[in-house]
1. What nm value, rounded to one decimal, do you get for the distance between residue 116 and residue 69 when each label is placed 7 Å out toward the C-beta?
2. Which angle from 0 to 90°, rounded to the nearest 10, does the C-alpha axis of helix 57-69 make with the longest principal axis of the chain?
3. How far is helix 41-52 tilted off the main Cα axis of the chain, in degrees rounded to 10, range 0 to 90?
4. Let me see the P(r) profile for segment 35-143: every Cα-Cα distance counted, bins of 10 Å, each bin given as a percent of all pairs.
5. Angle between the Cα long axis of helix 79-89 and the longest principal axis of the chain, 0 to 90 degrees, nearest 10?
6. Just want the ordering: 143, 132, from fewest to most Cβ atoms lying within 10 Å of their own Cβ.
């Protein structure tokens with residue numbers, strides 16, 4: 001796991017490039033009572049990062065619980081979102097290559113629920129920006 005982390009959630013418990021923006025994103029949306037959601041795979045991605053960085057799984061669980069108190073939701077994709085995920089993962093991007101399955105699950109949920117995926121993953125953004133419903137964390141601005 002070398003290089004820059006692209007998970008916005010992981011930036012909440014790691015001090016790295018984009019961490020302050022990630023914390024601002026969550027704080028602003030919670031303060032404004034905006035719906036925030038991610039697929040349930042977020043938990044396992046976060047636990048994997050915690051394991052790698054020798055962080056506590058309990059800390060990750062407490063962070064998620066605190067966000068849930070602020071309205072954050074972990075979702076399972078429905079049939080339409082799974083179909084959209086498959087469509088996205090099997091479409092050769094104008095930027096070249098195919099986006100990853102996990103990233104497409106996040107993005108499909110945002111598209112199908114009229115939301116916006118905020119991502120720090122520039123590769124996913126480059127491959128899927130033509131689909132809309134996506135913004136880079138570096139470009140995110142509170143309303």
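Bear in mind that the values in this text are calculations on the coordinates, not laboratory data. A quick note: this is a predicted structure, and the numbers were derived from the prediction, not measured. All Cβ positions, even for glycine, are placed from backbone atoms using ideal geometry, and neighbour counts span all protein chains on display.
1. 2.8 nm
2. The two axes meet at around 80 degrees.
3. Tilt relative to the chain: about 60 degrees.
4. Whole-percent P(r) values from 0 Å outward: 14, 41, 35, 10, 0.
5. 70 degrees
6. So the ranking, lowest neighbour count to highest, is 143, 132.
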